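The values are calculated or read from the model by the stated rules, or taken from the named source; none is laboratory data. All values reported here derive from a predicted model rather than from experimental measurement. Backbone-built Cβ (ideal geometry, glycine too); neighbour counts: all protein chains shown. For accessibility, only protein heavy atoms count, side chains too; no ligands or nucleic acids. Shrake-Rupley method; radii C 1.70, N 1.55, O 1.52, S 1.80 Å.
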Amino acid sequence: MTASARPDTPPAPVPVVDLIDNDRYGQAVPYADFDLLRRHDPVHRHPEPDGPGFWAVVKYHDVVAVSRDTATFSSETGATAMEDLEPDALAARKSMLDTDPPRHTALRRTLVADFTRRQAQRHEQEIRSLVRPLLDRALALGGFDAVEHLATAVPIRVLCRMLGVPAADEALMVELSDRLIANTDPELTDVLPDSADSERYRLLPFRSPAALQMHEYASRLRAARRDRPAEDVLSRLAAARIDGLPLDEREFQAMFLLLLVAGNETTRSALSLGIQAFVEHPDQWQLLLDGADLDLAVEEVLRWTTPLHHFRRTATRDTELRGRRIRAGDKVVVWYTSANRDEEVFTDPYRFDITRDPNPQIAFGRGGPHRCLGEHLARTEIRVVLEELVARGVTLRGNGPARRVHSNFTNGLKSLPVLVE
């Protein structure tokens, strides 16, 4: 595959950037590095201190092209994490994310009916019934942590109800998913992936003991559903067949973990960073209070926040992208965070503009089979939270610095103190 022609060697001098230092992301997203690469080296050979390096793909249309071409850029050959895995770890950790068609298509089909646009609309009143009391309690405090009281509480409660997880276990699901997806933040995890202790857990997702707990929890729920099925996603997943066979225990555990972590953390990040965006751009909040289009606002929140910075693919054959020669086996990392700030696609991309239209944001992916399964549910949750805030006519102001997650993978906040006006 090719894009616009460029010399085989990058322009001199090659930009010096660092896209992988987790602590940098704990301070701010390194947008300046992405800007530099988009202008001067959009398919950039990035070194790794403990790995072979990877190709950083940072332009919008290139990200879409790589995502679409699963035959050349595989999710299965080397998984979607930046970490290089031994064959046994690759097999043990494999989730639906780490597969290509046709297996990916078959696994996705077991869940897709529960996450359509129509199903999200059917859940809207239930979501609203969850949001209203949460919001009323938070606003009554006068000042509160928007991450704790809103961004964390809403998506996990919605997911637990859909999956059939008991309400008493919601806090446990938040804790475990935090320890997994934010496994590079020492405040949120008990085993950092580059620590000596992590070797004990190398066969588990994110090298985390929390994955073992979540797997065990999933197996208990599956056993309960076999004896007493219910009208929930897990019951349907437990009864699903692919080529006449049920999911094996590892596949079921991986699907449960993926649903909890991806569905909870990404919507949580979009909500918390979205609220922060409105706090920092009060003119845009006033537009919402004055009746601006909520659906357009949701799309801009998703573009602005981009809850996941990147996913990795692995080249299955020698190929070329913008004149750069990519070899079979090379890691290719697509950066959604950069794509959503691409000046060739978004006019004035560093302006938070809830009236932006069109807005082909790529936070949920675009092109190919891996577009986010829960995108319609996430949009509905964000829109309901904004709509309920608007209905109360309140404005949120900052009440101290936000604290960011130290992760080059998930774009999230640990806390966001706000005041109610």
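Can you give me the Kirkwood hydrodynamic radius for segment 168-235, using every pair of distinct Cα atoms, in Å to one decimal? Each step should come with its number before you reach the end.
On the way: mean 1/r = 0.0764 Å⁻¹.
Result for segment 168-235, one decimal place: 13.1 Å.
If we count every other residue with Cβ under 14 angstrom of Val17's Cβ, Lys/Arg +1 and Asp/Glu -1, where does the sum land?
On the way: positive: Arg24, Arg38, Arg39, Arg45; negative: Asp18, Asp21, Asp33, Asp35, Asp41, Glu48.
Once all neighbours under 14 Å are counted, the net charge is -2.
Exposure check, 1.4 Å probe, all protein chains in place: Arg403 carries approximately 100 Å² of accessible surface. Excluding ligands, DNA and RNA, the accessible surface per residue across segment 324-386 is 33 Å² with a 1.4 Å probe. For His309, the residues whose amide H sits under 5 Å from its own are Thr410, Asn411, ignoring neighbours fewer than 5 places away on the same chain, with H placed 1.01 Å from N. Name the shape class, rounded, prolate or oblate, that the alpha-carbon gyration tensor gives for the chain, where a ≥ b ≥ c are the square roots of its eigenvalues, rounded holds for a/c under 1.5, and otherwise prolate holds if a/b is larger than b/c and oblate otherwise. Because a/c hits 1.5 or more and a/b fails to exceed b/c, the chain counts as oblate. Evaluating 6.51 cos²θ - 1.76 cosθ + 1.60 at θ = phi - 60° for every residue in segment 58-64, the Karplus couplings come out as 10, 8, 3, 5, 6, 4, 4 Hz, glycine and proline recorded as x. Magnitude of the charge dipole for segment 250-406, about its Cα centre and with charges confined to Cβ atoms of Lys, Arg (+1) and Asp, Glu (-1), is about 980 debye.
Taking label points 7 Å from Cα along the Cα-to-Cβ direction, Asp248 and Asp136 give a separation of 5.0 nm. Rounded to the nearest Hz, the phi-derived 3J(HN,Hα) couplings of segment 114-130 under the Karplus curve 6.51 cos²θ - 1.76 cosθ + 1.60 (θ = phi - 60°) are 7, 10, 6, 4, 5, 5, 4, 5, 5, 7, 4, 5, 5, 4, 5, 5, 7, where x marks glycine and proline. Overall, segment 196-286 carries a charge dipole of about 380 debye about its Cα centre when +1 sits on the Cβ of Lys and Arg and -1 on the Cβ of Asp and Glu, all other atoms neutral. Counting only protein heavy atoms, what percent of the accessible surface of segment 264-408 is carbon or sulfur at a 1.4 Å probe? Of all accessible area on segment 264-408, carbon and sulfur atoms account for 46 percent.
Look at the dipole of the chain built from charges on Cβ: of Thr110, His44, Tyr25, the Cα furthest out on the positive end belongs to Thr110. Set against the 2.2 N^0.38 Å expectation for a compact globular protein, segment 96-236 has a Cα radius of gyration ratio of 1.22. Taking every alpha-carbon pair under 8 Å whose residues sit at least 6 apart, the chain reaches a relative contact order of 28 percent. Between the amide H of Ile326 and those of Thr319, Glu320, Leu321, distances stay under 5 Å, these residues lying 5 or more places away or on another chain, with hydrogens modeled in the peptide plane. Other residues with beta-carbon under 13 Å from the beta-carbon of Met96 carry, at +1 per Lys or Arg and -1 per Asp or Glu, a net charge of +3. Every pair of different Cα atoms in segment 346-421 enters the Kirkwood calculation, which places the hydrodynamic radius at 15.6 Å.
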